[in-house]
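> My questions all concern the structure below.
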Amino acid sequence: MEAYKEYFPTKSYRIAEMRLSSLLRAERDRLDALAATLGREFAIGPDNLREQLPRILEFTKEYHAAYDQYLKAVLVQQPRPIQCRPACGNCCHHYPMSVEPFELIYMYNELRKRDDLLLLMESCQMRSDKFESFFEARKDLGLSEDEAEDGALHDYFSWWRVCPFSNAVGDCTVYPLRTVSCRMYFSETDPKYCTPDMLQTEKNDSYIVYMPDTVEDAVYGISEHYSALDLPESFFGGLLAVNGYEGVLGG
Ligand code: SF4
Ligand code: SF4
């Protein structure tokens with residue numbers, strides 16, 4: 001798997017990057033101003049989460065739409081067509097990380113309307129516990145935190161449990177809500193090679209579409225404003241933590 005590909009600054013790429021940047025800048029400025037008004041370092045906390053919810057949902061939807069535009073501008077530059085298609089969820093056996101707090105809130109806000117919420121939370125708990133046990137086992141081998149996390153991600157993928165949001169045929173049941181971590185992963189080779197044993201081989205050409213550093217910095221600036229909620233950046237652990245604010249979100 002390639003971690004990074006070069007992107008050329010085509011016109012559509014520049015437009016998409018500018019749109020993403022200006023959206024993020026505006027939200028970061030809004031949160032900076034809100035924090036200043038409230039006389040504290042970070043804008044969002046348990047005390048105003050409910051009140052801020054409509055804007056969080058609106059912003060996240062806009063962020064995902066702007067990222068999708070950016071993706072289009074990047075993917076059109078790739079020499080070979082991507083092979084990703086519906087019901088081809090081998091990559092949905094990974095343990096998604098680097099999920100932003102506002103994305104967790106956005107997705108959880110829809111999940112909480114579902115009758116199977118409890119079941120979903122139990123599935124998230126089971127996966128989160130398993131990842132933690134892989135992580136601890138790696139640390140027991142004397143690895144650093146970063147090395148242990150990389151090892152645990154690999155162990156988890158090899159464990160081969162599909163995401164609880166994938167249905168019986170391998171489609172994502174939360175597709176419009178999925179996080180950037182789930183949107184950014186592609187393959188130019190057959191989906192059958194998106195498996196743990198083929199990942200590091202030449203048969204697999206999968207890659208992640210990263211955002212430019214300036215955009216990443218803006219995302220970080222926004223996410224910092226959610227620090228008081230203390231949400232983990234892992235997908236399953238993060239959803240469980242938002243579930244802890246059920247009473248606040250329910251109003
Ligand atoms: S990354 Fe691989 S498994 Fe995932 S959607 Fe693309 S081709 Fe399918
Ligand atoms: S949320 Fe959807 S896209 Fe993401 S891992 Fe789960 S099933 Fe796959």
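None of the figures in this text is laboratory data; all of them are computed from the coordinates on show. Everything numeric in this text was worked out from a predicted model, so none of it was measured. With ideal geometry, Cβ positions are generated from the backbone for all residues, glycine too; neighbour counts draw on all protein chains shown.
Here is a yes/no grid of residues against (1) surrounded by 15 or more Cβ atoms within 10 Å (Cβ to Cβ); (2) among the charged types (D, E, K, R):
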site: Leu20; (1), (2): yes, no
site: Arg28; (1), (2): yes, yes
site: Asn48; (1), (2): no, no
site: Pro54; (1), (2): no, no
site: Glu62; (1), (2): yes, yes
site: Lys72; (1), (2): no, yes
site: His94; (1), (2): yes, no
site: Tyr106; (1), (2): yes, no
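> Could you please let me know if Gly221 is closer than 26 Å to Leu117 by Cα and either more than 16 Å from ligand 2 (Cβ to nearest atom) or among the hydrophobic types (A, V, I, L, M, F, W, C) (or both)?
On the way: closer than 26 Å to Leu117 by Cα: no; either more than 16 Å from ligand 2 (Cβ to nearest atom) or among the hydrophobic types (A, V, I, L, M, F, W, C) (or both): yes.
Against the criterion (closer than 26 Å to Leu117 by Cα and either more than 16 Å from ligand 2 (Cβ to nearest atom) or among the hydrophobic types (A, V, I, L, M, F, W, C) (or both)), Gly221 does not qualify.
> Search segment 184-199 for residues being near ligand 1 (Cβ under 8 Å from one of its atoms) and assigned to a helix (DSSP H, G or I), and hand back the single one that is nearest to the chain's Cα centre (by Cα). I'd like the intermediate steps shown before the answer.
Of segment 184-199, the ones near ligand 1 (Cβ under 8 Å from one of its atoms) are 185-187, 189-191, 193-194.
Checking which are assigned to a helix (DSSP H, G or I) leaves us with 191, 193.
On the way: Pro191: 21, Tyr193: 22 Å.
So the residue we want is Pro191.
> If Pro164 passes every condition in (1) in contact with a helix residue (DSSP H, G or I) (Cβ under 8 Å, 6 or more places away or on another chain); (2) more than 13 Å from ligand 2 (Cβ to nearest atom) but one, which one does it miss?
(2)
> For Ala35, which of the numbered conditions (1) in contact with a Leu (Cβ under 8 Å, 6 or more places away or on another chain); (2) aliphatic (A, V, I, L, M); (3) closer than 18 Å to Ser227 by Cβ fails to hold?
Every condition holds for Ala35 apart from (1).
> Then there's this: Test Tyr220 against the criterion of being hydroxyl-bearing (Ser, Thr, Tyr) and free of Cβ contacts under 8 Å to residues at least 24 places away in the same chain, and give yes or no. Steps first, please.
Working: hydroxyl-bearing (Ser, Thr, Tyr): yes; free of Cβ contacts under 8 Å to residues at least 24 places away in the same chain: yes.
In short, yes.
> Among the residues of segment 59-93, which ones are of a type in the set (S, T, N, Q) and farther than 17 Å from Tyr175 by Cα? Spell out how you get there, then give the answer.
First, the residues of segment 59-93 that are of a type in the set (S, T, N, Q): 60, 69, 77-78, 83, 90.
Of everything in segment 59-93, those that are of a type in the set (S, T, N, Q) and farther than 17 Å from Tyr175 by Cα turn out to be Gln77, Gln78, Gln83.
> Which condition number in (1) more than 19 Å from the chain's Cα centre (by Cα); (2) within 16 Å of ligand 1 (Cβ to nearest atom) is the one that Ala137 fails?
Just one mismatch for Ala137, condition (2).
> What's the number of the only condition in (1) within 12 Å of ligand 2 (Cβ to nearest atom); (2) assigned to a loop (DSSP other than H, G, I, E, B); (3) hydroxyl-bearing (Ser, Thr, Tyr) that Ser181 fails to meet?
(2)
> Another question, then. Which number in (1) within 24 Å of Gln69 (Cα to Cα); (2) surrounded by fewer than 17 Cβ atoms within 10 Å (Cβ to Cβ) marks the one condition that Val215 misses?
(2)
> Could you check Ala168 against (1) closer than 26 Å to Glu110 by Cα; (2) within 16 Å of ligand 1 (Cβ to nearest atom); (3) part of a loop (DSSP other than H, G, I, E, B) and say which number it fails?
Unmet condition: (2).
> Taking Gly151, is it more than 16 Å from ligand 1 (Cβ to nearest atom) and either of a type in the set (S, T, N, Q) or at positive phi (or both)? Before the answer, list the steps.
On the way: more than 16 Å from ligand 1 (Cβ to nearest atom): yes; either of a type in the set (S, T, N, Q) or at positive phi (or both): no.
So Gly151 does not fit the description; no.
> Continuing with the same structure: How about segment 42-158: which helices (runs of 4 or more DSSP H) wholly inside it have at least 3 residues that are of a type in the set (D, E, K, R)? Spell out how you get there, then give the answer.
On the way: elements: 49-75, 101-111, 117-140.
Of the helices (runs of 4 or more DSSP H) lying wholly inside segment 42-158, those with at least 3 residues that are of a type in the set (D, E, K, R) span 49-75, 117-140.
> Something else: Of everything in segment 200-224, what is among the aliphatic types (A, V, I, L, M) and either within 10 Å of ligand 1 (Cβ to nearest atom) or not in a loop (DSSP other than H, G, I, E, B) (or both)? Give them in sequence order.
Here is the first cut: in segment 200-224, the residues among the aliphatic types (A, V, I, L, M) are 208-209, 211, 215, 218-219, 222.
Across segment 200-224, the qualifying residues are Ile208, Val215, Ala218, Val219, Ile222.
> Could we say that Ser187 is at negative phi and within 16 Å of ligand 2 (Cβ to nearest atom) here?
Values: at negative phi: yes; within 16 Å of ligand 2 (Cβ to nearest atom): yes.
Yes.
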